[in-house]
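Q: Okay, handing you the structure first.
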Amino acid sequence: MNYWLMKSEPAVYSIADLERDKVTGWDGVRNYQARNIIRDQMRVGDLALFYHSNAAPPGVAGLMRVVREAYPDATAWDPASDHYDVRSTPDKPVWLQVDLEYVCAFRTFVALPAIKNDPDLGGIMVARRGARLSVQPVSPAHFSHICRLGGCQ
């Protein structure tokens, strides 16, 4: 099993939205490195930390599970979508998404400052300066520790 941290702005899509919807397609990823992670590494059953980005403060709000592996992100083909990309077509999709299901909302929000100051989370990618990748690998130890801090395992 692999572990991930996946970012979403809570004003766009939050852990509460996922709890309501139960399952969602994680669309709109427009970074090649993040796309390649989705394509090459994410598998059904993998767990992901739901990270609220562009929030005050940003941090981990809950947990989700991959329930469908990579498939084309159709928002790239929709000119009305914020995620439209003229280079991507149904015949030659450029962008991919996975489906994720709600597992739990954390009882305690794990804010980025707490992550940065926790010696047990040393080296975690999200705490590195300039680490803006929207889909990031997380070590099993870091994943378990954040789940313990959040109160959901």
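Q: Which residues, counting only those in the range 74-115, are among the acidic types (Asp, Glu) and surrounded by 14 or more Cβ atoms within 10 Å (Cβ to Cβ)? Can you show your working first?
A: Within the range 74-115, the subset among the acidic types (Asp, Glu) is 78, 82, 85, 91, 99, 101.
Hits for the range 74-115 are Asp85, Asp99, Glu101.
Q: Scan the range 84-116 for residues that are assigned to a strand (DSSP E or B), in contact with a helix residue (DSSP H, G or I) (Cβ under 6 Å, 6 or more places away or on another chain) and among the hydrophobic types (A, V, I, L, M, F, W, C) and jot them down.
A: Filtering the range 84-116 down to residues assigned to a strand (DSSP E or B) leaves 96-111.
Those still in the list that are in contact with a helix residue (DSSP H, G or I) (Cβ under 6 Å, 6 or more places away or on another chain) too: 96, 98, 102, 105-106, 108, 110.
Hits for the range 84-116 are Leu96, Val98, Ala105, Phe106, Val110.
Q: Test Asp85 against the criterion of being out of contact with any Ser or Thr (no Cβ under 8 Å at 6 or more places or on another chain), among the acidic types (Asp, Glu) and more than 23 Å from Met1 (Cα to Cα), and give yes or no. Give the steps one after another, and end with the answer.
A: Values: out of contact with any Ser or Thr (no Cβ under 8 Å at 6 or more places or on another chain): yes; among the acidic types (Asp, Glu): yes; more than 23 Å from Met1 (Cα to Cα): yes.
Yes.
Q: Mind counting the residues in the range 117-128 that are assigned to a helix (DSSP H, G or I) and more than 19 Å from the chain's Cα centre (by Cα)?
A: Here is the first cut: in the range 117-128, the ones assigned to a helix (DSSP H, G or I) are 117, 119-121, 125-127.
Filter once more, keeping what is more than 19 Å from the chain's Cα centre (by Cα): 117, 119-120.
Going through the range 117-128 one residue at a time, the tally reaches 3.
Q: Going by what's in this entry, would Ala55 be described as farther than 15 Å from Ile146 by Cβ, among the aliphatic types (A, V, I, L, M) and at pLDDT below 95? Outline the logic, then answer.
A: Details: farther than 15 Å from Ile146 by Cβ: yes; among the aliphatic types (A, V, I, L, M): yes; at pLDDT below 95: yes.
Judged against the criteria, Ala55 is a match.
Q: Ala131 is checked against (1) crowded, with 16+ Cβ neighbours inside 10 Å; (2) within 18 Å of the chain's Cα centre (by Cα); (3) of a type in the set (Gly, Ala, Ser) and fails just one. What number does that condition carry?
A: (1)
Q: A follow-up question, please. Would you check which residues across the range 14-33 are modelled with pLDDT of 95 or more and not acidic (Asp, Glu) and list them?
A: Passing the criteria: Ser14, Ile15, Ala16, Leu18, Arg20, Lys22, Val23, Thr24, Gly25, Trp26.
The values are calculated or read from the model by the stated rules, or taken from the named source; none is laboratory data. Keep in mind that what you see is a predicted model, and the values were worked out from it rather than measured. A quick note on method: Cβ atoms are made from the backbone with ideal geometry, for glycine too, and the neighbour counts reach across all protein chains shown.
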